[in-house]
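What follows is one structure encoded as structure tokens, with my remarks underneath.
The values are calculated or read from the model by the stated rules, or taken from the named source; none is laboratory data. Not measured: the values here are computed from a predicted model. Ideal geometry is used to build each Cβ from the backbone, glycine not excepted, and the neighbour counts take in all protein chains shown.
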């Protein structure tokens with residue numbers, strides 16, 4: 001295959017990603033692009049993400065049409081110098097599937113596991129190579145461990161990582177007890193025990209952030225640091241329409257406007273994301289679990305937790321990241337936080353900055369963990 005020809009392939013964003021949809025092309029054949037120019041929107045089960053050009057050159061071929069689904073590693077387009085003959089481009093495209101795709105498919109998949117935490121089974125995705133205190137990711141209300149698909153593989157390049165499904169979510173047991181953040185924190189502590197982890201860096205999103213704080217307050221010896229992404233528990237208000245709408249929605253038209261509240265750009269919410277949430281909500285026990293958690297923590301559009309005054313009791317370093325366009329949780333005021341807490345606001349991000357601005361969040365987390 002000619003050295004002047006660059007294959008642009010379907011990226012693998014997260015360990016669970018097997019395919020993606022080309023939601024839109026930002027270029028046409030013949031366009032000249034620089035490295036990192038906007039190339040396409042790729043829709044996954046979690047969010048639609050911008051895919052950038054891996055190299056500079058001329059877009060000689062768009063292989064996959066808008067709206068089409070392609071497996072990870074499939075050829076999406078071809079970038080090459082204009083002097084490369086069309087016949088050579090044709091040969092490259094024809095030979096790609098036979099020569100390159102099998103090598104992509106041969107990569108050993110990483111699978112989730114079920115762990116027993118005192119009679120309660122929780123799902124976990126582990127990348128546990130390396131040394132040092134691991135990073136444990138804790139998702140938010142109504143989400144699951146795949147919500148860290150853009151973050152866990154990046155952080156795992158330097159340290160062991162584990163992403164959990166909280167009780168009531170994903171593949172974990174659907175019994176949540178009283179649903180309080182402290183009860184969910186006990187479940188996370190039991191998961192640490194089952195995984196043989198004495199001490200961990202906790203990265204929590206939204207409800208998962210409140211759970212991480214609750215664990216740090218109850219068992220400080222287990223927590224090396226707290227990375228809190230749009231955390232619950234630090235402000236009094238919450239978007240009650242989102243909570244109620246998420247629980248009540250049973251159809252795509254009902255759920256779409258609810259999920260739009262999560263992001264600064266509603267265009268990021270794709271059909272696959274909506275369908276995945278609907279499939280989750282149809283599982284036995286999910287509706288009761290979500291209602292119990294909502295009533296315990298977010299009743300009447302208020303947060304029952306008041307953890308901001310207690311952050312000063314935590315000796316571990318704390319990083320908080322919140323999007324400036326968050327429509328679920330009010331802006332966290334720096335003056336309400338102890339001086340030792342680092343607060344970073346991400347412009348143009350809503351309530352899920354780890355999905356909307358994954359590269360920026362990963363850089364913040366990586367720097368924080370290294371320090």
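Scoring residue 112 on the criteria (1) in contact with a strand residue (DSSP E or B) (Cβ under 6 Å, 6 or more places away or on another chain); (2) at pLDDT 90 or above; (3) surrounded by 14 or more Cβ atoms within 10 Å (Cβ to Cβ) leaves a single failure, condition (2).
Of 299, 339, 306, 349, which residue is assigned by TED's automatic domain parsing to the domain that holds residue 185, more than 12 Å from residue 235 (Cα to Cα) and either touching a residue at least 12 places away in the same chain (Cβ under 8 Å) or under 25 Å from the mean Cα position of the chain (by Cα) (or both)?
Working: 299 fails: either touching a residue at least 12 places away in the same chain (Cβ under 8 Å) or under 25 Å from the mean Cα position of the chain (by Cα) (or both); 339 fails: either touching a residue at least 12 places away in the same chain (Cβ under 8 Å) or under 25 Å from the mean Cα position of the chain (by Cα) (or both); 306 fails: more than 12 Å from residue 235 (Cα to Cα).
Being assigned by TED's automatic domain parsing to the domain that holds residue 185, more than 12 Å from residue 235 (Cα to Cα) and either touching a residue at least 12 places away in the same chain (Cβ under 8 Å) or under 25 Å from the mean Cα position of the chain (by Cα) (or both) holds for just one of 299, 339, 306, 349, which is 349.
Out of 319, 305, one residue alone is touching a helix residue (DSSP H, G or I) at 6+ places or on another chain (Cβ under 6 Å), assigned to a strand (DSSP E or B) and either surrounded by 15 or more Cβ atoms within 10 Å (Cβ to Cβ) or modelled with pLDDT under 95 (or both). It is 319.
In the set (1) crowded, with 24+ Cβ neighbours inside 10 Å; (2) closer than 18 Å to residue 213 by Cα; (3) in contact (Cβ under 8 Å) with a residue 40 or more places away in the chain, residue 149 fails one condition alone, (2).
Every listed requirement among (1) farther than 22 Å from residue 231 by Cα; (2) in contact with a helix residue (DSSP H, G or I) (Cβ under 6 Å, 6 or more places away or on another chain); (3) modelled with pLDDT under 95 is met by residue 119 save one, (2). Among the criteria (1) surrounded by fewer than 20 Cβ atoms within 10 Å (Cβ to Cβ); (2) outside any loop (DSSP other than H, G, I, E, B), the one residue 49 does not fulfil is (1).
Only one of 281, 357 is touching a residue at least 24 places away in the same chain (Cβ under 8 Å), crowded, with 16+ Cβ neighbours inside 10 Å and out of contact with any helix residue (DSSP H, G or I) (no Cβ under 9 Å at 6 or more places or on another chain); which? Spell out how you get there, then give the answer.
Details: 281 fails: out of contact with any helix residue (DSSP H, G or I) (no Cβ under 9 Å at 6 or more places or on another chain).
Going through 281, 357 in turn, just one is touching a residue at least 24 places away in the same chain (Cβ under 8 Å), crowded, with 16+ Cβ neighbours inside 10 Å and out of contact with any helix residue (DSSP H, G or I) (no Cβ under 9 Å at 6 or more places or on another chain): 357.
The sole residue among 369, 290 that is surrounded by 16 or more Cβ atoms within 10 Å (Cβ to Cβ), over 19 Å from the mean Cα position of the chain (by Cα) and closer than 22 Å to residue 149 by Cβ is 290. Tallying residues that are at pLDDT below 95 and touching a strand residue (DSSP E or B) at 6+ places or on another chain (Cβ under 6 Å) within segment 343-359 yields 1.
Residue check: is residue 29 outside the structural domain of residue 147 (by TED's automatic domain parsing), farther than 14 Å from residue 77 by Cβ and either under 22 Å from the mean Cα position of the chain (by Cα) or loosely packed, with under 15 Cβ neighbours inside 10 Å (or both)? Write out each step before concluding.
Working: outside the structural domain of residue 147 (by TED's automatic domain parsing): yes; farther than 14 Å from residue 77 by Cβ: no; either under 22 Å from the mean Cα position of the chain (by Cα) or loosely packed, with under 15 Cβ neighbours inside 10 Å (or both): yes.
Answer is no for this residue.
So which of 176, 203, 188 is in a loop (DSSP other than H, G, I, E, B), assigned by TED's automatic domain parsing to the domain that holds residue 352 and modelled with pLDDT of 95 or more? Quick ask: steps written out before the conclusion?
Values: 203 fails: in a loop (DSSP other than H, G, I, E, B); 188 fails: in a loop (DSSP other than H, G, I, E, B).
Going through 176, 203, 188 in turn, just one is in a loop (DSSP other than H, G, I, E, B), assigned by TED's automatic domain parsing to the domain that holds residue 352 and modelled with pLDDT of 95 or more: 176.
Being closer than 28 Å to residue 199 by Cβ, touching a helix residue (DSSP H, G or I) at 6+ places or on another chain (Cβ under 8 Å) and surrounded by fewer than 17 Cβ atoms within 10 Å (Cβ to Cβ) is the requirement here; does residue 310 meet it? Judged against the criteria, residue 310 is a match.
A single member of 245, 240 is more than 15 Å from residue 206 (Cα to Cα) and in the same structural domain as residue 184 (by TED's automatic domain parsing), and it is 245.
Could you tell me how many of the residues in segment 248-262 are touching a residue at least 24 places away in the same chain (Cβ under 8 Å) and in contact with a helix residue (DSSP H, G or I) (Cβ under 6 Å, 6 or more places away or on another chain)?
The qualifying residues number 3.
In this structure, does residue 241 turn out to be at pLDDT 95 or above and under 21 Å from the mean Cα position of the chain (by Cα)? For residue 241, the condition - at pLDDT 95 or above and under 21 Å from the mean Cα position of the chain (by Cα) - is not met. Taking the criterion of being surrounded by 22 or more Cβ atoms within 10 Å (Cβ to Cβ) and assigned to a loop (DSSP other than H, G, I, E, B), the only residue of segment 32-44 that qualifies is 44.
Among the residues of segment 207-215, is there at least one that is out of contact with any strand residue (DSSP E or B) (no Cβ under 7 Å at 6 or more places or on another chain), in a helix (DSSP H, G or I) and over 30 Å from residue 271 (Cβ atoms)?
First, the residues of segment 207-215 that are out of contact with any strand residue (DSSP E or B) (no Cβ under 7 Å at 6 or more places or on another chain): 207, 210, 214.
Right, trim to in a helix (DSSP H, G or I) and you get 207, 210, 214.
Still in the running and over 30 Å from residue 271 (Cβ atoms): 210, 214.
Yes, there is a match, as at least one residue in segment 207-215 is out of contact with any strand residue (DSSP E or B) (no Cβ under 7 Å at 6 or more places or on another chain), in a helix (DSSP H, G or I) and over 30 Å from residue 271 (Cβ atoms).
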